[in-house]
1. Could you identify the single residue in V118, V124, V157, V151 that is touching an Asp or Glu at 6+ places or on another chain (Cβ under 8 Å) and not in a strand (DSSP E or B)?
2. Among the residues of segment 204-255, count how many are within 20 Å of the chain's Cα centre (by Cα), among the aromatic types (F, W, Y) and more than 30 Å from A136 (Cα to Cα).
3. Out of all the residues in segment 130-150, which are in contact (Cβ under 8 Å) with a residue 60 or more places away in the chain and among the hydrophobic types (A, V, I, L, M, F, W, C)?
4. Being surrounded by fewer than 24 Cβ atoms within 10 Å (Cβ to Cβ) and of a type outside the set (K, R) narrows it down to one of L10, L37, L44, so name that one.
5. Suppose we filter P42, P50, P62 for residues that are without any contact (Cβ under 8 Å) to a residue 24 or more places away in the chain and touching a strand residue (DSSP E or B) at 6+ places or on another chain (Cβ under 7 Å); which single one remains?
6. Starting from segment 90-110, take each residue that is farther than 26 Å from V124 by Cα and list its partners that are not β-branched (V, I, T) and not in a helix (DSSP H, G or I), counting only C-beta distances under 6 angstrom and pairs at least six apart or across chains.
7. Residues I239, I186, I141: which one is at pLDDT 95 or above, aliphatic (A, V, I, L, M), within 20 Å of H90 (Cα to Cα) and in a loop (DSSP other than H, G, I, E, B)?
8. Please go through (1) of a type in the set (S, T, N, Q); (2) at pLDDT below 70; (3) assigned to a loop (DSSP other than H, G, I, E, B) for S248 and return the number of the only condition it doesn't satisfy.
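The values are calculated or read from the model by the stated rules, or taken from the named source; none is laboratory data. Everything numeric in this text was worked out from a predicted model, so none of it was measured. Every residue, glycine as well, gets a Cβ built from its backbone with ideal geometry; the counts of neighbours run over all protein chains shown.
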Amino acid sequence: MGVLDGKRALVFGVANHRSIAWGIAKAFHREGATVGLSYAGPALERRVRPLAQELGIEFVEPCDVTKDEEIAAIAAKARDHFGQIDILVHSIAFADREDLARPFIQTSRAGFLLAMEVSVYSLVALARAFQPLMPAGGSIITLTYYGGEKVAPGYNVMGVAKAALESSMRYLAYDLGPAGIRVNAISAGPIKTLAAAGVSGFKTMYKMFPLLAPLKQPVTQDDVGNAAVFLASDWAAKITGQVLFVDSGMNIMAFPDKDTLVREFGAGD
């Protein structure tokens, strides 16, 4: 038996086999949940549908989260297909490559608004649309990154968006708490995804991460998927409004240890 037996989960944000959302979907399926997938648009369909077939997932629908009518449409389709939803995963983030490539102070007004609309407001819009499909309560999970709490050079406008996302998560946890709906976030370490490819300096960050993190290990999709299973399960029944770090302990570090500095950078006393 799986810890999610009998639960119905809808995962937004699958782009390809490297997506964190796909890692979560696989973990949910492994633990017995009935899973549905949503992707950003027609360009991704050819990648997502074969993945769904691997797990026998029947509900696979596009949704442009910048359009309220498309959110309403997928909620209606989910109601027809599942009856109700127990788990909603928001793994959606986007910023213009140009705004990621230049210093934050040079972020364009349009780029700032786009990053906030797609990466932040979409969580609010999805939570509002799917609340009626969660009459027995449930779990909403979003994906964040430590660059929303501390400066991660190169993350720029996306770091600001993640800060807003985490605050939105907490306010939603408050609003939806009386309905028994828990809202949490997972803050993962660097993982090679389609979105990460647009972050300046990501390759260096990815290479250095295992050297600097306390566990000295990279983070994988499966690690995040397992954490999502926990947050979605009854084991986390009294946890809401929290950021769960899945980053090999990197978030506790204020500065690299001396041995790493000497070994990697030639620094000494």
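1. Working: V118 fails: touching an Asp or Glu at 6+ places or on another chain (Cβ under 8 Å); V124 fails: touching an Asp or Glu at 6+ places or on another chain (Cβ under 8 Å); V151 fails: touching an Asp or Glu at 6+ places or on another chain (Cβ under 8 Å).
Going through V118, V124, V157, V151 in turn, the sole match is V157.
2. 2
3. F130, I141, L143
4. On the way: L10 fails: surrounded by fewer than 24 Cβ atoms within 10 Å (Cβ to Cβ); L37 fails: surrounded by fewer than 24 Cβ atoms within 10 Å (Cβ to Cβ).
Only one candidate passes the filter, namely L44.
5. Numbers: P50 fails: touching a strand residue (DSSP E or B) at 6+ places or on another chain (Cβ under 7 Å); P62 fails: without any contact (Cβ under 8 Å) to a residue 24 or more places away in the chain.
Criteria check complete, one pass: P42.
6. As it stands, the answer is A101/S200, since those pairs meet every condition given.
7. Numbers: I186 fails: in a loop (DSSP other than H, G, I, E, B); I141 fails: in a loop (DSSP other than H, G, I, E, B).
Of the residues listed, the single one that is at pLDDT 95 or above, aliphatic (A, V, I, L, M), within 20 Å of H90 (Cα to Cα) and in a loop (DSSP other than H, G, I, E, B) is I239.
8. Of everything listed in (1) of a type in the set (S, T, N, Q); (2) at pLDDT below 70; (3) assigned to a loop (DSSP other than H, G, I, E, B), S248 misses just condition (2).
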